[in-house]
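J.: Before I ask anything, here is the structure I am working with.
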Amino acid sequence: MFQPKNYLACWEKEESDNMKIPGSFFEVLLKLKDELIEFQVLKQGSIEYRAHIIDFSEIEADLADILEENDIFLPQNRLDRILRDLEAEYLEVQQKQRELQKQHLQKQKSFTQSYQALRSPNEVVKILLTGFSGKSSIYQIIFEGKLANEIQTTLPTRRIEKHILDFSFLAKQNRGQKLEIWESGSFFPDDSFFQDATVLLFVIDSFDVDHYEEMRLDLHKSVKKMNEMGTNPQYLPKNRKTLFCLIHKMDRFQKILEKFRSLVNYFQIDPSTGKPNREIVFYPTSIFDSSLYKAWTQIIETLMPKSSKLDQLSNQLKEDLALYTVLIIEKRTGLPICSSKTLLDDATLVGTTNRIIITIEKILPDYKFTNLRELRIDTATGFVKVHIFNEYYILLMICPPNVNLDAPAAKRIIRNFIANMKNYI
């Protein structure tokens, strides 16, 4: 039990180096974890609260909140003494942090120099969007935030169109670059289209049975052109897949998975050799579900893998709040920035979340609202909490039903997590 509010608590240093408040079950400590300074509050040995600290003022604010929430009163002179002791320990841990970071930087120096020599943050990667019916619709769904009913009257593309996706906002993660998407019309493009391209996205109209053979011929002809004239940037691993085929309009079939497997078996066969080409990765897609986002998420991750450092922070948030899953998504591009360890599929979560956010933002003006900030969806087995920060970043938390994200401690943990994210992205 906690002592009454007028109880005069004092600060003690335990042999374990934890600082304890007598008369309560609470201890606090500072530790270095994954090169980050972590402030922990323990109750009978179990962690009740933790936060990654960037500045000592955060410890002062967190400590004041903890004392107030638990009715622990300290005279100002004793509180000042506690803060002095904590600040001294903070400076010691901070020095160790700098030493570890220096060692890490030295180990990575040679790799960083060679990496930067191979790849500039402003490098343009050429992606080809070609094939048959559905290319413009795919682009508008993924990158322009349109809904399926808004693109039904899209006119066929008559020429080569170019679109630029700027990822320079990820420069802090050394992931910043530009993607240049070349979209062809309803014709087989000339060699300049394939020159120096890195990724092929070939679209097949699964419902156009009369043109199956023509589509298969063009698919494998495009693959050959990519192998002859395309380029694989040196920063990409040699085994990274860059040839993709979207088998589109799959919503028109009843047994989608069975039909998809059948079509893959057919389109995988190279007519010139009679053998399957295992280089091509196939995805079933439709504008009426999340499959397009799922496919794009997996494709873009081949070029821009998630940050392991941010994955660690996401996993820590998941553990601190006992969540099912944590995921950060860049809203404009559908790029998953980081995620916690989970049995769920990141690409599916990205697709579903983007569809929900886009749909809600479309109807907000009907209620005279703008700028969606938070969203909660409750179910019988848990709930989904979405928080949008820095305008374009989506924090997705999938939670068990008993988790209380409105508790002061939970709010502090989420606030600190977002503050850490802002320092990296």
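J.: So if I check each of R252, R278, R240, R261, which one is within 29 Å of E150 (Cα to Cα) and within 31 Å of the chain's Cα centre (by Cα)? I'd like the intermediate steps shown before the answer.
T.: Values: R278 fails: within 29 Å of E150 (Cα to Cα); R240 fails: within 29 Å of E150 (Cα to Cα); R261 fails: within 29 Å of E150 (Cα to Cα).
So the residue among R252, R278, R240, R261 that is within 29 Å of E150 (Cα to Cα) and within 31 Å of the chain's Cα centre (by Cα) is R252.
J.: Mind telling me which of the residues N420, N390, N371 ends up being within 23 Å of the chain's Cα centre (by Cα), polar (S, T, N, Q), at pLDDT below 90 and surrounded by 18 or more Cβ atoms within 10 Å (Cβ to Cβ)?
T.: Among N420, N390, N371, only N420 is within 23 Å of the chain's Cα centre (by Cα), polar (S, T, N, Q), at pLDDT below 90 and surrounded by 18 or more Cβ atoms within 10 Å (Cβ to Cβ).
J.: Which condition from (1) in contact (Cβ under 8 Å) with a residue 60 or more places away in the chain; (2) assigned to a loop (DSSP other than H, G, I, E, B) is the one that I398 breaks?
T.: The failed condition is (2).
J.: May I pose another question? Quick check, is D406 in contact with a strand residue (DSSP E or B) (Cβ under 9 Å, 6 or more places away or on another chain) and of a type in the set (D, E)?
T.: For D406, the condition - in contact with a strand residue (DSSP E or B) (Cβ under 9 Å, 6 or more places away or on another chain) and of a type in the set (D, E) - is not met.
J.: Could I ask something else about it? For residues that are closer than 29 Å to D289 by Cβ and in a loop (DSSP other than H, G, I, E, B), tally how many sit in the range 212-266.
T.: So the count comes out to 7.
J.: If we keep just the residues of the range 26-43 that are modelled with pLDDT of 80 or more and of a type outside the set (A, V, I, L, M, F, W, C), which is surrounded by the most Cβ atoms within 10 Å (Cβ to Cβ)?
T.: If we take residues in the range 26-43 being modelled with pLDDT of 80 or more and of a type outside the set (A, V, I, L, M, F, W, C), then E27 is surrounded by the most Cβ atoms within 10 Å (Cβ to Cβ).
J.: Right, E391: over 26 Å from T302 (Cβ atoms), of a type in the set (D, E, K, R) and in a loop (DSSP other than H, G, I, E, B) or not?
T.: For E391, the condition - over 26 Å from T302 (Cβ atoms), of a type in the set (D, E, K, R) and in a loop (DSSP other than H, G, I, E, B) - is met.
J.: Right, another one. Within the group L179, L200, L217, which residue is at pLDDT 90 or above, buried (at least 18 other Cβ atoms within 10 Å of the Cβ) and not acidic (D, E)?
T.: Matching residue, one of L179, L200, L217: L200.
J.: Which count do you get for residues in the range 371-390 that are without any contact (Cβ under 8 Å) to a residue 12 or more places away in the chain and within 17 Å of R332 (Cβ to Cβ)?
T.: Looking only at that region, the number is 1.
J.: Quick one: which residue in Q312, Q316 is at pLDDT 80 or above, part of a helix (DSSP H, G or I), under 27 Å from Q40 (Cα atoms) and in contact with an Asp or Glu (Cβ under 7 Å, 6 or more places away or on another chain)? Quick ask: steps written out before the conclusion?
T.: Values: Q316 fails: in contact with an Asp or Glu (Cβ under 7 Å, 6 or more places away or on another chain).
Only one candidate passes the filter, namely Q312.
The values are calculated or read from the model by the stated rules, or taken from the named source; none is laboratory data. Everything numeric in this text was worked out from a predicted model, so none of it was measured. In this analysis, Cβ positions are derived from the backbone assuming ideal geometry, glycine residues included, and neighbour counts consider all displayed protein chains.
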